[in-house]
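These notes concern the structure reproduced below.
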Amino acid sequence: MKQKLRELIEILRDDDSTTFVQSFAFSLLLSLAPLLTIFVVLFKQLALDTTLIISIASAYLPMEEVLDFIEYIQATNATEFASLIVLLVTTLFLSSRSVYSFLKFSSSIEEVDYPKWYLRILGFGGQAIFILLIVILILVISFTSHFRYLLVMGSLFFGFLVYYRNLSFRHRRLASHWKGALFTTLALGLMGLFFLTYVSIFTNYESLYGPLSSLMVILLSINIISYIIFIGFLLNYVNYDDEKQTSHLRRFTILQQWFDRMAMKK
């Protein structure tokens, strides 16, 4: 146990890890507004109450900014079909960049070598699956009022279980990723309970940054979330067994052969 903890800390303190977390946080920041917009538009289309979205988002972001953003989206014509398509493509493109950067780090640490185009395809597809899964889970939760908090935590756990599984090239069993998913779920749950309380009581952002204090809180929140997700990934990595499946190699070979055939036809 001590050896695994030492290995985790060493990787976390590495300069490459610091650079990666900063890049991952920036990608999350870029995808934050489009993702939130997708959820608000979906709830608006289905005539559902946005209280659930507000309660979740306001646990990590300033309440006033969350309400203003949701009111703005509800007042726009983002429900038109063309707007929805553009919004969906934009969301997938921006949010898949965070998965792509994670896949690059994962391929390096697991010592596998795939070209960038394959990692981008995996990033786009993996993020599409993750967003679809979260949307389905949120819709299920929105139709029940009992044990809502437990359902949210359970959905987070399952979502990150799939998320971490898609990030690994050698370890493809869901059971190999439960430790990291559990840590990330509990850590994000605790952060949601105490983060804004800590900021309002123990920090002085409002007097230091004035009207920019909300932006600083958002940046701090995204940075902490990025570190939590990254630590969950590392927790899985240091606890992997000797399982080394190669399903990615088969998929890559099939795609490469398909591209080669297309090139020969031209």
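Readers should treat all values here as calculations from the given coordinates under stated rules, not as data from a laboratory. Just so we're clear, the structure is a prediction, and the values are computed from it rather than from any experiment. Note that each Cβ is placed from the backbone with ideal geometry, even for glycine, and that neighbours are counted across all protein chains shown.
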| Once label points are set 7 Å from the Cα along Cα→Cβ at both Leu67 and Leu132, what is their separation, rounded to one decimal in nm? | 3.7
| Helix 178-202 vs. the chain, principal-axis angle (Cα, 0 to 90°, nearest 10) | 30
| task | Measure nothing fancy, just the Cα-based angle from helix 148-167's long axis to the longest principal axis of the chain, in degrees from 0 to 90, nearest 10. | result | 30
| query | Normalised by the residues of the chain, what does the relative contact order come to in percent, with Cα pairs under 8 Å and at least six apart? | reply | 24
